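Report on the following structure.
The values are calculated or read from the model by the stated rules, or taken from the named source; none is laboratory data. Worth saying up front: this structure is predicted, and the values here are computed from it rather than measured. Backbone-built Cβ (ideal geometry, glycine too); neighbour counts: all protein chains shown. Quick note on the areas: whole protein, heavy atoms, side chains included, nothing else; ligands and nucleic acids left out. Shrake-Rupley method; radii C 1.70, N 1.55, O 1.52, S 1.80 Å.
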Amino acid sequence: MRWAFIGLGACSLMAVGYFMGTHGIGHPRPLQAQDQFGPTEETVTKVQESLESLKTAMNQLSSEQLYQPATSGINAFAITVGGVDAIGDLESGRGVDPETYAGLYAGLATEEVAEHLATNENGQLTYKDKVIRMYPISRLKKVFEARMALAGQGSSTFPTSDN
């Protein structure tokens, strides 16, 4: 009789396990975050609104001769620091802003600039035979200070083109 109870208990446990397995009881649920790839629709809308604002600011800076791009598209860095003369920076050979630097290496140069670009034997991008470099640290600090001033978070001094 004892073996009958043990056998019945074992069969009952197997039946309960089979029932739970076939009905998904006790299975881990997939994470919801895995179903979403990329930003939400609300975030996409905010980014699009920001880009429209940047385009408006870019046009205003251009009309005031404070923004001269060397790459196509929007240079958010140059716009948010109050404008950059990227063409003048290339001509001087003293370095360009970070977004212009990246854009040139990404192949986004304007036609005016692209005709003077080449690559040297070290794989460095050159403009009229001068290696293109990023702004020196002192200039980067000045343009970031200008950004803070525009945002109302710092001093009101802006870098000049000779800095």
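Think of a 1.4 Å ball rolled over the protein heavy atoms: the stretch 1-137 then has 70 Å² of accessible area per residue.
How would you classify the stretch 35-105 from its alpha-carbon gyration tensor, with a ≥ b ≥ c the square roots of the eigenvalues: rounded for a/c under 1.5, else prolate if a/b is greater than b/c, otherwise oblate? Cα axes put the stretch 35-105 in the oblate bin. Mean residue ellipticity at 222 nm, helices only, the chain: -15500 deg cm²/dmol; runs of at least 4 DSSP H residues each add -39,500 (n - 2.57), and the sum is divided by the number of residues. Of all aspartates and glutamates in the structure, those lying under 13 Å Cα to Cα from K142, and not within fewer than 8 positions of it along the same chain, are D97, D162. The Cβ shell under 11 Å around A118 holds other residues with a net charge of -1, Lys and Arg each +1, Asp and Glu each -1. Picking from I137, A109, G73, whose Cα lies most toward the positive end of the charge dipole for the chain (charges on Cβ: Lys, Arg +1; Asp, Glu -1)? In the chain, that residue is I137. Across the chain, the convex hull enclosing all Cα atoms gives 259 Å³ per residue.
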